1. List the trypsin sites (Lys or Arg not before Pro) within the stretch 48-116 that fall in a DSSP loop (any state other than H, G, I, E or B) and whose Cβ has at most 16 other Cβ atoms within 10 Å.
2. Taking R0 as 25 Å, what FRET efficiency do you get between GLU118 and ASP217 from their Cβ-Cβ distance, rounded to the nearest 0.05?
3. Scan around ARG90 for amide H atoms under 5 Å from its own, H built in the peptide plane at 1.01 Å from N, and keep only partners 5 or more places away or cross-chain.
4. For LEU128 and ASP157, calculate 0.36 nm times their separation in residues minus their Cα-Cα distance, and state this gained length in nm to one decimal.
5. Among SER58, THR73, CYS127, whose Cα sits farthest toward the positive end of the charge dipole of the chain (+1 at Cβ of Lys/Arg, -1 at Cβ of Asp/Glu, about the Cα centre)?
6. Return the Cα extents of the chain along principal axes one, two and three, sorted largest first, each rounded to a whole Å.
7. Label points 7 Å out from Cα along the Cβ direction at MET84 and GLU9: separation in nm?
8. Just to verify a number: FRET efficiency for ASP16 and SER249, C-beta to C-beta distance, R0 = 30 Å, to 0.05?
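Read-outs: derived from the displayed coordinates by stated rules, not from any lab. Here the structure is a predicted model, which is why all the values come from computation and not from measurement. Don't worry about glycine lacking a Cβ; one is built from the backbone with ideal geometry, like all the others, and counts go over all protein chains shown.
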Amino acid sequence: MSIKQWQNEITKNLEDILQENLPDHYLKEVINYSVLPPGKLFRPLLVYSLASDINGVSKEHQTLACAIELHHTYTLIHDDLPAMDNDDLRRGRPSSHIKFNQWSAILAGDALLNLSYELLANLSPTCLPAVLKDFSLSCGAQGLVLGQCMDLANENDTLKKLLKIHELKTARLIQTSLSCSAFISQRNDMEVKLKEIGYALGIVFQLLDDLCELIEDVNQHEKEINPFLHFKTEELTQLINTNCQIIFSHTQEYKLINLMNYIQSYLTKINQKLLKNKEKIVQKIDIKINQLNLQK
Ligand code: GRG
């Protein structure tokens, strides 16, 4: 199956899950609006591409992919709220609290958080304990939630602290997408290497997102936290390149061809976007886009 076919399958599964598991109530409308149509499906596609490198995408991988996407959507809805990042737009449309109102958005996020675990409960007992432990650790007070808290408390005055926030806020969910996919495939032995790939990918994903943000008009909070506006660009370019090399070498070592191809297709798209908007970026920061090594 191609990435496009995987995307279609994940989208159809998300539609079915929302249709079957939500009450016929106004809340369903808020949740549907927030989840569909989905974004890039970056994390679910990591689940799929890794599974297809091991022994194929099973029904359980499909469940995991949807649980992760629903959890990701809850973090985006809450992040957009005025008390957090205060963003009126998400995926080019009004954010959930703008389209509806704040309490609706908060409750839709709460419902999605819980629904993600309800889905995971359907996994087989052979992998369920490992998945639940890994997923909850990655997303809770020692993971994503802590990262968000450190971010909102502006604990980002050094590059080291900022990288910690990126690790918790962005890399954790990416790491858990890979490790839980491997747990379902009964490949718990791959955990350490996959966590390393996930960490590197999370840092690259976030730094490239920060860099792409400079193409658009950013809000005050985004300006305060964008590392390219506060730290040396050579250092950040180096970080992107080093972490890309880790991704390339680890995926090669483990012959994770589909995973590498998917990551490469994402990096190529970002590279094209950066080159196309080079002028806008160099107006804001001193960077040589062609020194980014995003190709294997
Ligand atoms: C509310 C507990 C809580 C946490 C929120 C994930 C997060 C923490 C906030 C989202 C904002 C942000 C800058 C996250 C970093 C990762 C990132 C770039 C998310 C956007 O994810 P994409 O690009 O979005 O995968 P799509 O729309 O494609 O799903």
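1. Taking the stretch 48-116 and a limit of 16 other Cβ atoms within 10 Å, the loop trypsin sites (Lys or Arg not before Pro) found are ARG91.
2. Computed FRET efficiency for GLU118 and ASP217: 0.05.
3. Counting only residues 5 or more places away or on other chains, the set is SER95.
4. Computed gain between LEU128 and ASP157 is 6.5 nm.
5. After comparing all options, I get SER58.
6. Sorted from largest, the Cα extents of the chain read 51, 48, 33 Å.
7. 3.0 nm
8. The formula returns an efficiency of 0.20 here.
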